[in-house]
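Read through the structure below, which is laid out as structure tokens, and then see the notes.
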Amino acid sequence: MNLANKLTVLRMILVPVFLILAMVNTTTANIIALSVFVIASITDKLDGYIARSRNQITNFGKFMDPLADKLLVTCALIILVERTIIPAWVVVVIIAREFVVSGLRTLAASQGVVIAASNWGKLKTVIQMIAIIMGLVYLVYSSSWLNMLTQVFIYLAGIITIISGVDYFVKGKGVININE
């Protein structure tokens, strides 16, 4: 197993660790959960960079890397909804978009078409991570300005999520045939 895949496995292991710590809901556990989330987020960028730079892209990585990312983000978003930091409807939009785009990409792949990540999708990921990290920091250091910034970034993430979802459908419109 190469280094990039090991980092992906590490991220998968960190997801339940993050979840358990976040559920404890003490200041210390919240600080550690925030740290685990940030470390896991860094491994997401690092494993992709390592795999591409060393030409070590594997089928395992193609499958597990996005899965690990989606599990980490989904767990964090649900924790923040549970703690009433962010609204549930924005999280539903984000998760629904992930299902729809994953389905579209799977359908495209079955037809030999690759729908690459767009700049909108990359921006969505960055804004979501900022919103999540701000929300997790808010769990440790409650302040009105941090809450306001978290709200701004989660709504921005919701808007960009919709735009990026539409962008994927525009790029993948040729793979969907409603007459079949």
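The values are calculated or read from the model by the stated rules, or taken from the named source; none is laboratory data. In this text, all values refer to a predicted model and were calculated from it rather than measured experimentally. Cβ placement follows ideal geometry from the backbone for every residue including glycine, while neighbour counts extend to all protein chains displayed.
Looking across region 23-74 at every residue that is buried (at least 18 other Cβ atoms within 10 Å of the Cβ), of a type in the set (A, V, I, L, M, F, W, C) and in contact (Cβ under 8 Å) with a residue 60 or more places away in the chain, the one that is farthest from Ile130 (Cα to Cα) is identified as Ala68. Just the residues that are of a type outside the set (A, V, I, L, M, F, W, C), touching a residue at least 12 places away in the same chain (Cβ under 8 Å) and more than 16 Å from Ser41 (Cβ to Cβ), please, taken from region 122-149. Once the filter is applied, which keeps residues that are of a type outside the set (A, V, I, L, M, F, W, C), touching a residue at least 12 places away in the same chain (Cβ under 8 Å) and more than 16 Å from Ser41 (Cβ to Cβ), region 122-149 yields Tyr138, Asn147. Just one of (1) buried (at least 16 other Cβ atoms within 10 Å of the Cβ); (2) charged (D, E, K, R); (3) at pLDDT 90 or above fails for Glu82. It is (1). Residues in region 1-22 that are surrounded by fewer than 20 Cβ atoms within 10 Å (Cβ to Cβ), under 17 Å from Asp69 (Cα atoms) and in contact with a Gly (Cβ under 9 Å, 6 or more places away or on another chain): Asn5 alone. Tell me which residues, restricted to region 109-151, are among the hydrophobic types (A, V, I, L, M, F, W, C), under 13 Å from Leu34 (Cβ atoms) and over 15 Å from the mean Cα position of the chain (by Cα). Passing the criteria: Val137, Leu139, Val140, Leu146.
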